[in-house]
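What follows is a short report on a single structure.
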Amino acid sequence: MSETPEHSTYCHSEFDTLKQVILCEPRYMSIREVINEAQKKYKDEGIDVEKAMKQHHDFVDKLRSFNVDVTLLLPHKKFPEQVFTRDIGFTLGQTIFVAEMKSDVRRGEENVLKSWLEAEEISYYNIVGEEIEGGDVVIDRDTVYVGLSDRTNQIAINHLKGLLSKYEVITVPFEKKYLHLDCVFNVLSPDLALLYPGVIEKEQEELIRSRYEVIEINKEEQFTLGTNILSIGNKRVFSLPQNKHVNKELTKRGFDIIEVDISEIIKSGGSFRCCTMPMKRERSK
């Protein structure tokens, strides 16, 4: 893969130091097509776009205060969920994979990413004809967990396994109403994970519990996306102030909690991880 010094890409985990990330402002955010439990609850209330924009700006400013290079993709009126950049692609090792979106309401978002990558002369691998979204891809060094969901199918997972011969790619089936794997599972360190219990198939949940100390998320904080935090490295994580149980448990384990209120954005079913597509993390020594 060809690289430029400004845009060398590398991701080896969910918890190494975040150096470069892609976001998109929620300028045209709305609930047009109900696709998850959060949207079902807030469909009639809708999204206060002005408030969502302010919260997103605060999030971007806070990321930049930690010396994270933030790229903002151009928002388009026809993409009401474009704020959730995690789903349009993912970086594994030195390769950026551009996803194939399943939902009609999101199909085409990936072309905005491809246009930017091509303009910056950054190469990528385009997954075509097989459904996969980045919210289902969780990376822990040489292991890649891929959720078998309503948005990611086994054909795409098998394709990824064939491409990633140096990785252990583990299929993780879970209840499809939770949309993406990162809504019920996330890895915070080589030995710590967040998990909403009882919705991942038993064999895979037992595997996760055998590999990590698990902080269990309760039902209320699953709805407010307690697993969907963003690590920026050195035990620093972005988490909603509303998720007090998660934040308390992480603080007890030495994590610094960076609290930013993006409660308007999560009405559409995504939080900090969903809103960010890492391009580069600096591998921990």
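I need the full set of residues from region 218-264 which are closer than 18 Å to residue 21 by Cα, in contact with a Leu (Cβ under 6 Å, 6 or more places away or on another chain) and of a type in the set (Val, Ile, Thr), in order please. Scanning region 218-264 gives a single hit, 232. Considering only residues in region 171-187 that are part of a helix (DSSP H, G or I) and open to solvent by less than 70 Å² (accessible area, probe 1.4 Å), the one that is modelled with the lowest pLDDT turns out to be 178. Residue-level check: of (1) farther than 25 Å from residue 91 by Cα; (2) touching a strand residue (DSSP E or B) at 6+ places or on another chain (Cβ under 8 Å); (3) among the hydrophobic types (A, V, I, L, M, F, W, C), residue 257 misses just (1). Filtering region 144-170 to residues that are open to solvent by 20 Å² or more (accessible area, probe 1.4 Å), of a type outside the set (A, V, I, L, M, F, W, C) and in a strand (DSSP E or B) leaves only 168.
Regarding region 87-106, can at least one residue be identified that is of a type in the set (A, V, I, L, M) and open to solvent by 10 Å² or more (accessible area, probe 1.4 Å)? Scanning region 87-106, I find at least one residue that is of a type in the set (A, V, I, L, M) and open to solvent by 10 Å² or more (accessible area, probe 1.4 Å), so the answer is yes. Set side by side, the residues 254, 270 differ, and just one is assigned to a loop (DSSP other than H, G, I, E, B), small (Gly, Ala, Ser) and open to solvent by 30 Å² or more (accessible area, probe 1.4 Å), which is 254. Checked against (1) farther than 25 Å from residue 281 by Cβ; (2) open to solvent by 60 Å² or more (accessible area, probe 1.4 Å); (3) at pLDDT 95 or above, residue 235 meets all criteria but (1).
Of everything in region 257-273 that is closer than 21 Å to residue 214 by Cβ and of a type outside the set (Lys, Arg), the residue that is farthest from the chain's Cα centre (by Cα) is 257.
The number of residues in region 188-219 being in contact with a Lys or Arg (Cβ under 9 Å, 6 or more places away or on another chain), surrounded by 15 or more Cβ atoms within 10 Å (Cβ to Cβ) and part of a strand (DSSP E or B) comes to 6.
For region 122-167, give me each residue that is closer than 18 Å to residue 93 by Cα and of a type in the set (Asp, Glu). Listed by number, the residues that qualify are 133, 136, 140, 142.
The values are calculated or read from the model by the stated rules, or taken from the named source; none is laboratory data. Since we're looking at a predicted model, the values are computed, not measured. Neighbour counts are summed over all protein chains in view; Cβ atoms, including those assigned to glycine, are modelled from backbone coordinates with ideal geometry. The accessibility values were calculated without ligands, DNA or RNA, using every heavy atom of the protein model including side chains. Shrake-Rupley method; radii C 1.70, N 1.55, O 1.52, S 1.80 Å.
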